[in-house]
1. Is it fair to say Tyr167 is part of a loop (DSSP other than H, G, I, E, B) and either touching a residue at least 40 places away in the same chain (Cβ under 8 Å) or among the aliphatic types (A, V, I, L, M) (or both)?
2. Can you name every residue in the range 25-51 that is at pLDDT below 85 and not in a loop (DSSP other than H, G, I, E, B)?
3. Could you please give the count of residues in the range 170-196 that are part of a strand (DSSP E or B) and either closer than 26 Å to Thr96 by Cβ or among the hydrophobic types (A, V, I, L, M, F, W, C) (or both)?
4. Test Ser184 against the stated conditions and say whether it is touching a Pro at 6+ places or on another chain (Cβ under 6 Å), small (Gly, Ala, Ser) and touching a residue at least 12 places away in the same chain (Cβ under 8 Å).
5. Residues of the range 112-136 being in contact (Cβ under 8 Å) with a residue 24 or more places away in the chain, over 13 Å from Tyr167 (Cα atoms) and part of a loop (DSSP other than H, G, I, E, B), which ones?
6. Only one residue in Tyr167, Tyr163 is in the same structural domain as Gly128 (by TED's automatic domain parsing), of a type in the set (Phe, Trp, Tyr) and touching a His at 6+ places or on another chain (Cβ under 9 Å). Which one?
7. For Leu139, state whether it is surrounded by 15 or more Cβ atoms within 10 Å (Cβ to Cβ) and either in contact (Cβ under 8 Å) with a residue 60 or more places away in the chain or within 23 Å of the chain's Cα centre (by Cα) (or both).
8. Identify all residues within the range 176-191 that are under 20 Å from Glu54 (Cβ atoms) and of a type in the set (Val, Ile, Thr); write none if there are none.
Amino acid sequence: MKTTINTDRKQYLIIRLAIILVFSCFSVLLNAQSNKDSHSLGLSIPEIALLDIEPSGGNSVTMAFPFNGIDAGQSIIQSVDNSDSWINITSIVQATKTRKVTVEMNGDLPDGTFLKVSAKDYSGKGEGTHGQVISQIILSNEPQDLIANIGSCYTGNGIGNGYNLHYSWQQNSIQYNQLKDQTSYVSVIYTLVQNE
């Protein structure tokens with residue numbers, strides 16, 4: 001009988017030990033499972049530099065020295081101004097970089113005249129770092145800075161958004177003798193470029 005008790009007790013201990021081991025393994029398996037997982041996403045914002053002149057489709061500007069109301073012996077009006085055009089931009093810059101808008105003229109003005117351009121400070125419905133406008137400049141065939149320190153921004157689209165352009169076409173008073181009856185066509189080119 002003593003042998004049977006020991007054998008029964010051994011079997012009982014083995015079964016109990018087996019049950020403990022099964023529950024321990026099951027517990028380890030449960031702990032190894034998770035209600036979380038993850039993966040990485042690559043997120044990229046591209047560099048963007050877009051510029052257009054508004055009004056779109058009708059961005060030709062015509063300027064003429066008027067002669068109405070001039071009496072004999074008087075000079076023609078010395079300047080003609082136009083502020084109908086706007087520059088719109090969208091810009092995403094590289095880290096620590098900024099952009100600028102340059103302007104240049106292609107073509108020849110009527111003799112005895114020059115053309116100035118300026119941009120008014122940004123206004124509109126956009127956001128971001130819109131930069132600073134530079135004072136009025138006399139246009140030439142060399143690029144000149146018109147707006148500086150542009151960061152990542154957008155101006156809003158259309159008239160009333162961005163930078164209002166002001167043209168002033170003037171006669172050169174010391175070259176009045178060079179004024180002739182003539183019509184010239186010039187292109188004014190604006191470029192959004194990275195600052196050096």
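The values are calculated or read from the model by the stated rules, or taken from the named source; none is laboratory data. A quick note: this is a predicted structure, and the numbers were derived from the prediction, not measured. Don't worry about glycine lacking a Cβ; one is built from the backbone with ideal geometry, like all the others, and counts go over all protein chains shown.
1. no
2. Passing the criteria: Cys25, Phe26, Ser27, Val28, Leu29, Leu30, Asn31, Ala32.
3. The total comes to 7.
4. yes
5. Gly112, Asp121, Tyr122, Gly124, Lys125, Gly126, Thr129, His130, Gly131
6. Tyr163
7. Criteria not met by Leu139.
8. Hits for the range 176-191 are Val186, Val188, Ile189, Thr191.
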